[in-house]
Amino acid sequence: MFPRNPSRRRLLAAAAGSVPLMLAGRAVAEVAAKEISVPEDPTKVPGRPVGSDGGYGSRSPFETEKRLTELGNPSQITSWSYTPLATQIGNLTPSGLHYERHHGGIPAIDPARHELFIHGMVEHPKRFNMADLKRMPSITRMHFIECSGNTLTEWPGPTAKTVQVTHGLLSTSEWTGVPFSFLARNLKLKPGAAWVLAEGADAAVMTRSIPLDKMLDDAFLAYGQNGEAIRPEQGYPLRLMLPGYEGNMSIKWLRRLEISDRPYMTREETSKYTGLNANGMADKFVFDMEAKSVITFPSGEMKLPGPGRYEIAGLAWSGRGRIRSVEVSLDGGKSWYPAHLDSPPEPKCTVRFTFPWRWDGQPVLLASRCTDETGMVQATREDLVALHGLNYVYHYNAIQHWAVAADGGVSNV
């Protein structure tokens, strides 16, 4: 099996869901389920009429990739889903396939009633509604978001079968919103201000403390994702964006920012999202997602049809800046060759890389490693275990190996 493809034969498919969204006792959206008939020869029959998809658009029924859920989730509302990286085309993640991590489910929020309150060590505390924020100067940036638990299955050794599970808590979008620095200038920070508490409007009331320097550097309040409003599962109507930081700190459904002179030591930064080292000491406030890359083709549970030419492909990223270079190894890291970057690297954003490869049918051990603009080189698993031990859980960014067997099967080793 090559990357798995759906059947190309006659197909009936549902075009959209049929469950209405209820808000304050009334239905605000409903799209009826429709079936699409695929003819043997599309030139012999008229196509479906304009607007038959309800006016929003839908993907081809032959495209069936979806986020993967139900892998160890504690509950349906304290849960996560994985982006299908192996079949992603290009560098951006479709909004509907962006990975999810929720601590109290996905809230339904009426944007007309939603407010952001900024207070604490500011001269002019103020509430802003969404219309206020959308009138302010905005920026648009491409950035990845990566869960700090991405690839945690691999700390004890190669475990997960596919790249969707090993690395699928990673996604990249184009985000639009208001720089925090603009708001800070207008509200006037008081002397001594050093930290900001960000709070979400979800049932978990997710809260994290963020250094003020980071907020003033490149943080922004995002209401747009890939050309439309942020999806509910990504924080609709307002999400804090902290480029390069671990994903949980980009607080979704953002409703409050409190300025202080010290961190708030919330549950999420004392008992959760900390790193336990081998010496028994825990790391707190580990923010940056460090240099990391992974080969997405070929990757786990694929099967190459036979010897011949292939294009090895993958993604590289760093929360410390741009990716400077990516290398590919065909012998498990004994020798390395430069890969091609498909686009100019953006800061704190994924970049797609490719490497032409002629497979002779013999077993090989594929790997990639990246270097970011700070000079950080992606670590090996041995490096990470020596540094932190085996109980660290978060921030695993080691080189990933995929073994290609003589029969073309690909596995995580």
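Go through the stretch 285-313 and give me each residue that's β-branched (Val, Ile, Thr) and free of Cβ contacts under 8 Å to residues at least 60 places away in the same chain. Outline the logic, then answer.
Going through the stretch 285-313, the residues β-branched (Val, Ile, Thr) turn out to be 286, 294-296, 312.
Of everything in the stretch 285-313, just one residue is β-branched (Val, Ile, Thr) and free of Cβ contacts under 8 Å to residues at least 60 places away in the same chain, namely 312.
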Could you please let me know if residue 194 is in contact with a Pro (Cβ under 9 Å, 6 or more places away or on another chain), touching a residue at least 40 places away in the same chain (Cβ under 8 Å) and within 19 Å of residue 235 (Cα to Cα)?
no
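Can you tell me which residue in the stretch 358-375 is most open to solvent (accessible area, probe 1.4 Å), limited to those that are acidic (Asp, Glu) and part of a loop (DSSP other than H, G, I, E, B)?
Initial filter on the stretch 358-375 (acidic (Asp, Glu)): 360, 372-373.
Okay, now just the ones that are also part of a loop (DSSP other than H, G, I, E, B), so 360, 373.
Values: 360: 106, 373: 89 Å².
Filtering the stretch 358-375 for residues that are acidic (Asp, Glu) and part of a loop (DSSP other than H, G, I, E, B), the one most open to solvent (accessible area, probe 1.4 Å) comes out as 360.
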Counting only strands (runs of 3 or more DSSP E) entirely within the stretch 164-232, those with at least 1 residues that are open to solvent by less than 10 Å² (accessible area, probe 1.4 Å) and more than 27 Å from residue 96 (Cα to Cα) are 195-200, 207-211
Hits in the stretch 376-413 (condition: within 27 Å of residue 348 (Cα to Cα), hydrophobic (A, V, I, L, M, F, W, C), in contact with a Gly (Cβ under 8 Å, 6 or more places away or on another chain) and in a loop (DSSP other than H, G, I, E, B))
393, 399
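For the stretch 57-72, give me each residue that is open to solvent by less than 70 Å² (accessible area, probe 1.4 Å) and farther than 26 Å from residue 159 by Cβ. Please lay out each step first, then the result.
Of the residues in the stretch 57-72, the ones open to solvent by less than 70 Å² (accessible area, probe 1.4 Å) are 57-58, 60-62, 65, 67-69, 72.
Within the stretch 57-72, 57, 58, 60, 61, 62 meet the criteria.
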Of all residues in the stretch 82-137, count the ones that are in contact with a Gly (Cβ under 6 Å, 6 or more places away or on another chain) and within 29 Å of residue 193 (Cβ to Cβ).
0
Restricting attention to the stretch 310-330, does a residue exist that is more than 27 Å from residue 214 (Cβ to Cβ) and either touching an Asp or Glu at 6+ places or on another chain (Cβ under 6 Å) or of a type in the set (Lys, Arg) (or both)?
no
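The values are calculated or read from the model by the stated rules, or taken from the named source; none is laboratory data. Here the structure is a predicted model, which means the values were calculated and not measured. Here the Cβ is made from the backbone with ideal geometry for all residues, glycine too, and neighbour counts use every protein chain on show. Accessible surface areas use protein heavy atoms only, side chains included; no ligands, DNA or RNA. Shrake-Rupley method; radii C 1.70, N 1.55, O 1.52, S 1.80 Å.
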